[in-house]
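Here, each number is a calculation from the coordinates, and none is a lab measurement. Just so you know, these numbers come straight off a predicted model, no measurement behind them. We place every Cβ from the backbone using ideal geometry, glycine too, and count neighbours over all the protein chains shown.
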Amino acid sequence: MNIKKIIPVIALSIFAASAVPASADVLGGWSEEGGYFTNPATELNNSFVVGEKGTVSALAAAASHSSFYDYKKPGSQIYERINGETTWKGIEHYSRARYETWVTGTAEADSGRVWGVGYTLATSGWHPGDFATAKTYYGN
């Protein structure tokens, strides 16, 4: 039996700030500990995109990122996986979904970076959810 729990979709502004990820190439994401975040260290480099004829558009640089869980119960144990979904019109980018252990921060059930233009969906592997935090990331 597969069960899907949806975490509310929140459009992120590149100018919003909260928790900062460890890597400067991560533009933002979601953590079950702190919710959605963007990385303020990348704001100045990614706040505008120069389009055709030299026009600058902040709208073209706006990314929307959301996360949701899937669940399954093949026996007595419930397993979950986290999904990271990013829409970024006309921009090549990646999404990533994984669990990070509480003690060492080691990645488990990592989707790796899933690259695309306009839309990406990264899905972690199945995980018992014990002693780890679900996280999703996006960047370009």
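Annotation for Tyr71 and Thr101: the two label points, set 7 Å from Cα along the Cα-Cβ direction, are 2.6 nm apart.
Under the Karplus relation 6.51 cos²θ - 1.76 cosθ + 1.60, θ = phi - 60°, what is the ordered set of whole-Hz ³J(HN,Hα) values for region 118-127, x standing for Gly and Pro? Each residue of region 118-127 in turn: x, 8, 9, 9, 10, 10, 5, x, 5, 9 Hz. Between the amide H of Ala63 and those of Ile14, distances stay under 5 Å, these residues lying 5 or more places away or on another chain, with hydrogens modeled in the peptide plane.
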